[in-house]
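One structure is given here, and the rest of the page talks about it.
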Amino acid sequence: MDRVASGLYSLAIAAWVGGSWAIGYLAAPTLFAQLPENRSLAGQLAGEMFTWMAWVGIVCGAYVLLYLMFRRGLRAFTSAVFWLALVMLLLTLAGHFGIQPILAELKAQALPRDVMQSIVRDRFAAWHGVSSILYLVVSALGAALVLLQERGKA
């Protein structure tokens, strides 16, 4: 049973970090590059992928934290891996439940126009920038998480 739990722990980190990198730095830019005449559609598709990736991050992050707490007990709180995963999870929650609803509301206010052709364009761009920075931080922390795992510091 411990082997299964340990394997799931490794898969959770791989899915969370790898998925974040694949969606954020490969899939989303590819959508915008391939659909330059329809940036609204590219944004809608990218947004859907980011939503799914947030849920993957929430599930995987929760599993990683629980695994570390059950495996190490109170010593989990002394682990850099634990704190990296916790910060990543908190930032993912902030992005998904805090910033994404703001972006959705701004898109709704812009209707029937595209948000980037509306009066709320600047506010949307500012919040989108905050969201992008948050995603970059989570991605960087994810790289650190993987590297610490590689060194056996779990």
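Restricting the search to helices (runs of 4 or more DSSP H) fully inside segment 1-106 and requiring at least 2 residues that are touching a Phe, Trp or Tyr at 6+ places or on another chain (Cβ under 7 Å), closer than 17 Å to Leu141 by Cα and of a type in the set (Val, Ile, Thr) gives 39-72. Quick one: count up the residues across segment 114-142 that are outside any helix (DSSP H, G or I) and either at pLDDT 95 or above or surrounded by 13 or more Cβ atoms within 10 Å (Cβ to Cβ) (or both). Residues meeting the conditions: 3.
Within segment 75-92, does at least one residue satisfy the condition of being among the small types (Gly, Ala, Ser), over 13 Å from the mean Cα position of the chain (by Cα), surrounded by fewer than 16 Cβ atoms within 10 Å (Cβ to Cβ) and more than 21 Å from Leu145 (Cα to Cα)? The answer is no; no qualifying residue exists. Filtered by the rule that a residue be without any contact (Cβ under 8 Å) to a residue 24 or more places away in the chain and either crowded, with 18+ Cβ neighbours inside 10 Å or small (Gly, Ala, Ser) (or both), segment 64-74 gives a lone residue, Gly73.
The values are calculated or read from the model by the stated rules, or taken from the named source; none is laboratory data. Keep in mind that what you see is a predicted model, and the values were worked out from it rather than measured. Ideal geometry is used to build each Cβ from the backbone, glycine not excepted, and the neighbour counts take in all protein chains shown.
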